[in-house]
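A quick write-up on the structure given underneath.
What follows draws every value from the coordinates through simple rules; no lab data is involved. Predicted model only: the values in this text are computed from it and were never measured. FYI the Cβ positions are ideal-geometry reconstructions off the backbone, even for glycines, and counts take in every protein chain you see.
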Amino acid sequence: MRNDLTIYDTVAQQWWSDEIRWVRTLRAMVPGRLGWMDRQIDWAGKRVLDLGCAGGFMAEALAERGATVTGIDPAADAVAAARAHAEAGGLSIRYDVGVGEALPYADAAFDAVVCVDVLEHVADLPRVLAEVARVLRPGGCFLFDTINRNPLARVATITMAEDILRLLPRGTHDPALFIKPAELRAGLETAGLVPGRFTGLGPRWIRLNGDPVFGQLPLTAILYMGTARKPAPGDAP
């Protein structure tokens, strides 16, 4: 089975324990992502949606930066684990169960939407992008990462990461759902968003325990991050 989204509920009770290598890998990606995203936006005081929040790694990091965070994910058990961990840590984060194709929020509800490790899993990418645009306020920012679609990305993320190194469970990804940067740019524009800079994301070095440390890379051939903006009235065409 490819694009197996049940894995997030399966490990929900161990999400914050560091016992499972692939979950540690997801957690290790957060600082690498934010090392670049922090330079794109000042989070303090912003209303931020973490779209595809799973067990809450990114949501908590954003809350610690002063954002007012809402997280949403279809994995109900993972969301429950995220909610419990935030409450135990004294963090005020709203968590909902739902999908990106039908966000249960008002128009212009958020200053920013963050969507990491998600777009390559969704059932209807154009619909998700349209929903992101709808819930962003004019001038709001969409920050994301996803996986490029090409033979190198398939080898790296499936053959190596899933089948050989077991950094992810087998079946996590379906390479048919990977997204070329040009396709994503076109999809963002169709949704009414203005694409910004794209940049690479990947392992920078390996810890002594074998876990990778992630950060920005110059090439977008495998994993890539990017931004887009919802135009505001008065913006230049």
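For the condition part of a strand (DSSP E or B) and either of a type outside the set (A, V, I, L, M, F, W, C) or surrounded by fewer than 19 Cβ atoms within 10 Å (Cβ to Cβ) (or both), what is the one hit in ARG83, ARG154, ARG127, ARG137?
Numbers: ARG83 fails: part of a strand (DSSP E or B); ARG154 fails: part of a strand (DSSP E or B); ARG127 fails: part of a strand (DSSP E or B).
On inspection, the qualifying residue turns out to be ARG137.
Among the residues of the range 49-64, write down those that are more than 20 Å from VAL122 (Cα to Cα) and either crowded, with 18+ Cβ neighbours inside 10 Å or among the aromatic types (Phe, Trp, Tyr) (or both).
Taking the range 49-64 first, the residues more than 20 Å from VAL122 (Cα to Cα) are 60-64.
If the condition is that a residue be more than 20 Å from VAL122 (Cα to Cα) and either crowded, with 18+ Cβ neighbours inside 10 Å or among the aromatic types (Phe, Trp, Tyr) (or both), then GLU60, ALA61, LEU62, ALA63 are the ones that fit.
Residues that are basic (Lys, Arg): find the strands (runs of 3 or more DSSP E) completely inside the range 158-237 holding 2 or more of those. First the steps, then the outcome.
On the way: elements: 194-206, 212-217, 223-229.
Filter on the range 158-237 gives 194-206.
For the range 31-58, how many residues meet the condition of being out of contact with any Ser or Thr (no Cβ under 9 Å at 6 or more places or on another chain) and over 22 Å from GLY98 (Cβ atoms)?
10
Any idea which of (1) farther than 26 Å from THR220 by Cα; (2) without any contact (Cβ under 8 Å) to a residue 60 or more places away in the chain; (3) charged (D, E, K, R); (4) touching a Lys or Arg at 6+ places or on another chain (Cβ under 8 Å) is the one GLU162 doesn't satisfy?
Unmet condition: (1).
Give the number of residues within the range 106-121 that are surrounded by fewer than 23 Cβ atoms within 10 Å (Cβ to Cβ) and β-branched (Val, Ile, Thr).
The total comes to 1.
Residue by residue through the range 18-38, note down the ones that are farther than 17 Å from GLU64 by Cα and in a helix (DSSP H, G or I).
Kept after step one, since they are farther than 17 Å from GLU64 by Cα, are these residues of the range 18-38: 18-26.
Matches in the range 18-38: ARG21, TRP22, VAL23, ARG24, THR25, LEU26.
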